[in-house]
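*Asks:* Pasting in a structure now, in structure tokens, and then I'll have a few things to ask.
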Amino acid sequence: MEEKIIDENRQGEILMLDQPVRPVTYKPGRKLLIESYGCQMNFSDSEIVASIMANEGFTTTRDPEEADLVLLNTCAVRDNAEQKIRTRLDYIRSVKKRKPEMVIGVLGCMAERLREKLIEEERLVDLVVGPDAYRDLPNLIEQVDNGQKAVNVLLSREETYAEITPVRLNSNGVTAFISIMRGCDNMCTFCVVPFTRGRERSRDPKSIVKEATGLFAQGYREVTLLGQNVDSYKWNITGKGEIIDATQPSVNFAQLLEKVAQINPALRVRFSTSHPKDMSDEVLETMVRYDNICKYIHLPVQSGNSAVLTRMNRGYSREWYLERIASIRRIMPDCAISSDIISGFCGETEEEHEDTLSLLRKVKYDMAYMFMYSERPKTLAERKYEDDVSPEVKNRRLKEVIDVQMQSATERTKVHVGKTQQVLIEGISKKSKDHYYGRNSQNIVVVFPKGNAQPGDYADVLLTSCTAVTLIGEVVKIYTRENYSIL
Ligand code: SAH
Ligand code: SF4
Ligand code: F3S
């Protein structure tokens with residue numbers, strides 16, 4: 001309650017005279033540089049942080065030289081992710097040496113993992129804030145302004161930042177992310193996320209629909225619903241399926257997807273990440289019913305071998321996974337599927353690795369993210385298993401995985417050539433200012449001459465050729481933002 005009163009004072013809405021009013025120490029017009037690393041959820045969180053800081057009078061900049069406050073929103077998923085951030089931090093610190101009044105903060109998963117250590121080791125870091133503590137940023141920054149270092153890494157069972165309207169950063173004005181849940185309860189043995197993001201919790205569906213509706217009204221035409229395991233989204237329902245408040249409707253992921261799809265047929269809906277153990281046919285059937293739910297599923301397998309999957313505590317076998325793939329193909333033959341693969345997990349034998357290659361050949365993913373296993377402190381794998389595959393073997397196996405996957409991707413991209421498909425135009429192609437790029441429903445990038453279309457328009461594009469992962473085409477018909485009724 002106390003926190004709420006402080007909050008209200010800050011926004012000047014209600015002044016409780018018996019409460020001390022926080023002195024305003026900010027210089028007006030301070031500039032914030034916020035950089036995001038890691039998964040889409042982190043990018044989405046940075047937009048919440050930007051919103052909280054905008055309330056405090058900060059505007060954003062991309063130039064460290066110009067920034068009064070630099071926040072790095074960090075990832076801890078693999079060691080090389082952390083190394084990259086440390087290199088960037090070194091650079092930011094070199095800027096601070098020249099302008100000591102600059103405040104440097106580390107946010108996100110590395111902040112949560114390393115906590116005070118970041119201040120002790122990296123003496124020029126002023127602020128360490130975990131993913132559930134962003135509402136506290138104004139207080140923490142005030143502490144720093146008063147000459148102290150500040151840390152808040154408390155994780156929460158409730159925080160979803162539901163009512164905070166994100167400030168869209170680096171936006172193309174067409175596509176946006178919406179976080180629908182936070183945390184993860186799965187405890188895959190290799191993964192640091194449950195430790196850095198805390199327990200799983202879902203966000204109020206009303207606030208999700210409101211945010212998506214608002215984005216559509218502002219001209220956005222695609223939203224991606226984000227969660228570490230979207231299939232376990234649940235509102236007003238316990239993990240055992242019991243309704244919490246009988247006077248309120250309960251909502252599962254398939255129902256949430258439907259609510260968002262119903263906002264407008266011209267608003268595309270995507271989602272990520274699906275978990276093979278939880279992805280239901282109800283979700284697949286909902287996808288079929290709505291043309292505006294994109295036909296693309298990210299369904300990370302991690303390994304093609306059941307014994308490895310057991311050691312990873314993924315909760316499914318190779319056979320279960322292949323059955324889920326068969327269901328997708330049966331219910332939605334035109335659906336694209338992508339995956340994540342880890343090479344060289346603890347105890348992975350040559351035969352087990354071969355099973356991953358054979359699964360890749362069988363499924364033929366449209367796209368995959370592929371990684372070498374990186375041991376993470378505190379995870380179950382670190383405590384229970386030995387990281388016993390040598391870096392050379394991990395590297396060689398990863399190369400083999402990438403080779404097989406590249407063949408599949410090339411094959412899968414070619415399937416679209418000769419067809420006319422609807423593309424949402426996102427912006428000007430990086431390679432040519434005379435071309436636009438957008439995506440088809442299957443999430444493949446399509447490049448074509450601009451003509452007189454605009455970003456945010458839909459175009460029917462005849463796909464004439466392709467590279468390994470990009471389709472090239474020409475516009476057959478444009479559906480402008482004003483003329484969606486003909487869609
Ligand atoms: N929630 C998602 C994944 C989030 S992390 C899911 O369950 O699929 C994104 C990916 O990073 C994972 O799918 C995994 O492939 C990879 N990853 C996670 N921890 C890793 C580690 N310790 N070493 C290598 N890759 C890892
Ligand atoms: Fe990590 Fe597993 Fe949770 Fe994904 S589902 S975030 S891999 S623990
Ligand atoms: Fe990285 Fe945290 Fe996302 S560890 S992958 S930023 S949840």
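*Asks:* Out of all the residues in region 353-366, is one or more within 16 Å of ligand 1 (Cβ to nearest atom), among the aliphatic types (A, V, I, L, M) and open to solvent by 50 Å² or more (accessible area, probe 1.4 Å)?
*Replies:* No, that holds for no residue.
*Asks:* Follow-up. May I ask you to say which residue of V423, V389, V393 is outside any helix (DSSP H, G or I), closer than 26 Å to S338 by Cα and more than 29 Å from the chain's Cα centre (by Cα)?
*Replies:* Every option except V389 fails the conditions.
*Asks:* Could you check region 313-334 and list, in sequence order, the residues that are open to solvent by 10 Å² or more (accessible area, probe 1.4 Å) and assigned to a loop (DSSP other than H, G, I, E, B)?
*Replies:* Passing the criteria: N313, R314, G315, Y316, S317, P333, D334.
*Asks:* Quick one: is E411 at pLDDT 95 or above, more than 20 Å from A336 (Cα to Cα), out of contact with any Leu (no Cβ under 9 Å at 6 or more places or on another chain) and open to solvent by 60 Å² or more (accessible area, probe 1.4 Å)?
*Replies:* no
*Asks:* Determine whether region 173-181 contains at least one residue that is within 19 Å of the chain's Cα centre (by Cα), surrounded by fewer than 19 Cβ atoms within 10 Å (Cβ to Cβ) and more than 14 Å from ligand 2 (Cβ to nearest atom).
*Replies:* Yes, region 173-181 contains at least one residue that is within 19 Å of the chain's Cα centre (by Cα), surrounded by fewer than 19 Cβ atoms within 10 Å (Cβ to Cβ) and more than 14 Å from ligand 2 (Cβ to nearest atom).
*Asks:* Which one of these does L226 not meet: (1) free of Cβ contacts under 8 Å to residues at least 60 places away in the same chain; (2) closer than 15 Å to P205 by Cα?
*Replies:* All conditions pass for L226, except number (1).
*Asks:* To continue, here is another question. Strands (runs of 3 or more DSSP E) wholly in region 435-487 with at least 2 residues that are in contact with a Pro (Cβ under 9 Å, 6 or more places away or on another chain) - which ones?
*Replies:* 435-439, 470-479
*Asks:* Any chance you could count how many residues in region 107-126 are free of Cβ contacts under 8 Å to residues at least 60 places away in the same chain and touching a Leu at 6+ places or on another chain (Cβ under 6 Å)?
*Replies:* Residues in region 107-126 being free of Cβ contacts under 8 Å to residues at least 60 places away in the same chain and touching a Leu at 6+ places or on another chain (Cβ under 6 Å): 1 in total.
*Asks:* What's the total number of residues in region 134-143 that are in contact (Cβ under 8 Å) with a residue 24 or more places away in the chain, open to solvent by 20 Å² or more (accessible area, probe 1.4 Å) and out of contact with any Phe, Trp or Tyr (no Cβ under 8 Å at 6 or more places or on another chain)?
*Replies:* Final tally of qualifying residues: 2.
*Asks:* What number of residues within region 89-108 satisfy the criterion of being touching a Phe, Trp or Tyr at 6+ places or on another chain (Cβ under 8 Å) and either outside any strand (DSSP E or B) or surrounded by fewer than 18 Cβ atoms within 10 Å (Cβ to Cβ) (or both)?
*Replies:* 1
*Asks:* Now a separate question. Test I444 against the stated conditions and say whether it is in contact (Cβ under 8 Å) with a residue 24 or more places away in the chain and either in the same structural domain as I337 (by TED's automatic domain parsing) or open to solvent by 50 Å² or more (accessible area, probe 1.4 Å) (or both).
*Replies:* no
*Asks:* Can you name the residue in region 187-212 that is open to solvent by 30 Å² or more (accessible area, probe 1.4 Å) and in a loop (DSSP other than H, G, I, E, B) and, of all such residues, is farthest from ligand 3 (Cβ to nearest atom)?
*Replies:* Once the filter is applied, the top-ranked residue is D204.
*Asks:* Out of region 301-312, which residues are away from ligand 3 (no atom under 16 Å from the Cβ) and not in a loop (DSSP other than H, G, I, E, B)?
*Replies:* S306, A307, V308, L309, T310, R311, listed by residue number.
*Asks:* For region 274-300, which positions are in a loop (DSSP other than H, G, I, E, B) and more than 15 Å from ligand 2 (Cβ to nearest atom)?
*Replies:* The answer is S280, Y290, D291, N292, C294, K295.
*Asks:* Can you find even one residue in region 335-349 that is within 16 Å of ligand 2 (Cβ to nearest atom) and surrounded by fewer than 19 Cβ atoms within 10 Å (Cβ to Cβ)?
*Replies:* Looking through region 335-349, at least one residue is within 16 Å of ligand 2 (Cβ to nearest atom) and surrounded by fewer than 19 Cβ atoms within 10 Å (Cβ to Cβ).
*Asks:* Please go through region 367-400 and give me each residue that is in contact (Cβ under 8 Å) with a residue 12 or more places away in the chain, surrounded by 12 or more Cβ atoms within 10 Å (Cβ to Cβ) and out of contact with any helix residue (DSSP H, G or I) (no Cβ under 7 Å at 6 or more places or on another chain), ordered by number.
*Replies:* Passing the criteria: Y369, F371, P377, T379, L380, A381, D387, V389, V393, K394, N395, L398.
To keep it simple, each residue is scored yes or no on (1) within 16 Å of ligand 3 (Cβ to nearest atom); (2) closer than 23 Å to C75 by Cβ.
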{"position": "I331", "(1), (2)": "no, no"}
{"position": "T356", "(1), (2)": "no, no"}
{"position": "M367", "(1), (2)": "no, yes"}
{"position": "M370", "(1), (2)": "yes, yes"}
{"position": "A381", "(1), (2)": "yes, yes"}
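*Asks:* Of all residues being modelled with pLDDT of 95 or more and of a type outside the set (A, V, I, L, M) in region 97-125, which is farthest from ligand 3 (Cβ to nearest atom)? Just the residue, please.
*Replies:* Across region 97-125, the extreme among qualifying residues is G105.
*Asks:* Please indicate, with yes or no, whether at least one residue in region 232-245 is open to solvent by 20 Å² or more (accessible area, probe 1.4 Å), farther than 21 Å from M279 by Cα, in a loop (DSSP other than H, G, I, E, B) and modelled with pLDDT under 95.
*Replies:* Taking every residue of region 232-245 in turn, at least one turns out to be open to solvent by 20 Å² or more (accessible area, probe 1.4 Å), farther than 21 Å from M279 by Cα, in a loop (DSSP other than H, G, I, E, B) and modelled with pLDDT under 95.
The values are calculated or read from the model by the stated rules, or taken from the named source; none is laboratory data. Worth saying up front: this structure is predicted, and the values here are computed from it rather than measured. Cβ atoms come from the backbone with ideal geometry, glycine included; neighbour counts cover every protein chain shown. With ligands, DNA and RNA removed, areas are computed over all heavy atoms of the protein, side chains included. Shrake-Rupley method; radii C 1.70, N 1.55, O 1.52, S 1.80 Å.
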